[in-house]
1. Using each residue's phi in region 173-186, evaluate 6.51 cos²θ - 1.76 cosθ + 1.60 at θ = phi - 60° and report the 3J(HN,Hα) Karplus result to the nearest Hz, with x for Gly and Pro.
2. If you scale each eigenvalue of the Cα gyration tensor by 5 and take the root, what three semi-axes come out for the chain, rounded to whole angstrom and sorted largest first?
3. Using only helices, what value at 222 nm comes out for the chain when you add -39,500 (n - 2.57) per DSSP H run of length 4 or more and divide by the total residues, to the nearest 500 deg cm²/dmol?
4. List every residue whose amide H lies under 5 Å from the amide H of Gly69, counting only residues 5 or more places away in sequence or on a different chain, with H placed 1.01 Å from N in the peptide plane.
5. Report the far tail of the P(r) of region 221-264, meaning the percent of Cα-Cα pairs longer than 16 Å.
6. Using only the alpha-carbon atoms, how far is helix 243-252 inclined from the longest principal axis of the chain? Give it as 0 to 90 degrees, nearest 10.
7. Gap in Å between the Cα centre of region 72-149 and the Cα centre of region 186-225?
8. Sorting check: for 50-59, 145-154, 84-93, which peptide has the highest mean count of neighbouring beta carbons within 10 Å, and how do the rest follow?
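We did not get these values from a lab; they are worked out from the coordinates using the rules stated. None of these values were measured; they are calculated from a predicted model. Counting neighbours? That spans all protein chains shown, and the Cβs are built from the backbone with ideal geometry, glycine included.
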Amino acid sequence: MAPALVAREVAKRYGETEALRGVSLEVGRGELVGLLGPNGAGKSTLTKVACGLVRPSSGTAEVDGHPAGSEPARAALGYLAELFRFPGWMTADELLSLHQRLSGSQGERAERRELLELVGLAEATQTRVEAMSKGMQQRLGIAQALVGAPRVLLLDEPTSALDPVGRRIVRELLGGLRERGVSVLLNSHLLSEVELVCDRVTIIDGGRVVAEGRPDELERPRGVEVETDGGTRVYEGAGRDDVPAIVAELVASGQRVYGARVLASTLEEVYLEAVGGRTG
């Protein structure tokens, strides 16, 4: 079965500026992939190429086995832009109703009610957008992206305006979508969120992929820390398999060992190393 989303050597130039320089990426069926990178790395451009909003200068992108931007690809896709704007006078129900008509969804009121419940806005059906907090609008945007039960979901910074409760709601929602077989490409600056929910991570910088893999694959061992009655010692370069020998040696030398743990680089450390320490 073809991947839910695939980009092959995608490049995009705006005059003299190269936003993307041959990026390749895949999102499998029911897979949640995090897209990381500093501002200007090309994340939003790649997302827009997948949506069909931007045409690549070279390379190809497909959604659900169809060329990005084609009618079948658009029908399979849900999208939440980073900087979205909804009419302030519309209620949550009216907004979802509009997007149902735009997408051709036949879900009617039952779908709208289910989506608002899904994002924690069941009590906001008749609340106008202009009366909502930024976090509520963000969750309404996610509900909008889910109209018509898309098989592929593109989310550009969906948790940037959410408080911890809102982020937890979105994490639980993404987990539920994975169980339903929905594929998600999550563009985010929040590394902790990506690490918690994503199956794989792709890091891009300067329009190129600089690292990719499962979060646990990207983390690297940094040594073993052992707590003894003589203090804490770090054995740099040691790994999990070295722990028994280290402990045995310390015990044989007459020291009491109270604990040992393997130190590993965090996703944040891997990210900063991959992009040269730049965050903005």
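1. 4, 5, x, x, 5, 4, 5, 7, x, 6, 9, 10, 10, 10
2. Largest first, the chain gives 41, 24, 16 Å.
3. That comes out to -9500 deg cm²/dmol.
4. Gly52, Arg74
5. Here the long-distance tail beyond 16 Å is 26 percent of all Cα pairs in region 221-264.
6. It works out to around 30 degrees.
7. 30 Å
8. Highest to lowest by the protection proxy: 145-154, 50-59, 84-93.
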